[in-house]
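The values are calculated or read from the model by the stated rules, or taken from the named source; none is laboratory data. Predicted model, so just to flag it, every value in this text is computed and none were measured. Methodologically, a virtual Cβ is constructed for each residue, glycine included, from the backbone with ideal geometry; neighbour enumeration extends over all protein chains shown. Please note that ligands, DNA and RNA were not included when accessible areas were found on the heavy atoms of the full protein model with its side chains. Shrake-Rupley method; radii C 1.70, N 1.55, O 1.52, S 1.80 Å.
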Amino acid sequence: MKLHLTAGQVADVTQATELLEGTDPDVVIADKGYDSQAVVAAIEAKGAEAVIPPRKNLKVQREIDHERYKDRNLVERFWAKMKQYRRVATRYEKTARNFLGFVHVASIMLLLQ
């Protein structure tokens, strides 16, 4: 798992290439926020399959594996469990460094359960 903290107004798609650095995935599953030709090309350049639903306003709709996309539910459930930690849900920590540190601690706690 790789966590990357950004400001609230930063678009997801701008962080995709940084999240992919140093990985060798077989499949990349993401939501529509990551749908762009550049991201899909970067994923395919790594030899992986991009399972990212296309935005509705695209003229050429890309086909995806809907059964495989259901695995994205694991990420959604992870964040639902993370928000059980009050400091993560309300962001009590004032600095980004401290907040990300607590997110890492909470992630470890979840993985140990």
Got a sec to turn the phi values of the range 30-43 into Karplus ³J(HN,Hα) couplings, 6.51 cos²θ - 1.76 cosθ + 1.60 with θ = phi - 60°, whole Hz, x for Gly and Pro?
8, 8, 4, x, 9, 6, 7, 4, 5, 5, 4, 5, 5, 5
If you plug each phi of the range 53-66 into the Karplus form 6.51 cos²θ - 1.76 cosθ + 1.60 with θ = phi - 60°, what whole-Hz ³J(HN,Hα) values come out, in order, with x for Gly and Pro?
x, x, 5, 5, 7, 6, 6, 9, 7, 7, 7, 10, 7, 5
Amide H proximity to Tyr85 below 5 Å, modelled H, separation 5+ or other chain, gives none
For a quick check: with amide H placed at 1.01 Å from N, whose amide H comes under 5 Å from Val27's, ignoring anything fewer than 5 positions away on the same chain?
Glu49
Among the GluC sites (Glu not before Pro) in the range 1-56, which ones are in a DSSP loop with at most 16 other Cβ atoms within 10 Å of the Cβ? Mind listing them?
Glu21
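In the calculated pair distance distribution of the range 1-100, what percentage of Cα-Cα distances lie above 24 Å? It would help to have the intermediate numbers written out before the result.
On the way: 1495 of 4950 pairs.
That fraction is 30 percent.
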Which residue, Ala96, Ala16, Ala30, tops the fluctuation ranking in a GNM of the chain built on C-alpha contacts under 10 Å?
Ala96
In nm, to one decimal, how far is the modelled label at Phe99 from the one at Ser36, with both set 7 Å along Cα→Cβ?
2.2
Apportionment of accessible area to carbon and sulfur, the chain, percent (1.4 Å)
54
For the Cα atoms of the chain, what angle does the longest principal axis make with the long axis of helix 96-112, in degrees from 0 to 90, nearest 10?
80
Top positive-direction residue, dipole computed over the range 35-100 with Cβ charges, set Val88, Ile64, Ser36:
Val88
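Determine the per residue accessible area of the chain with all protein chains present and a 1.4 angstrom probe, expressed in square angstrom. Don't skip to the answer; put the middle values down first.
Working: 8200 Å² over 113 residues.
So the chain comes to 73 Å² accessible per residue, rounded to a whole number.
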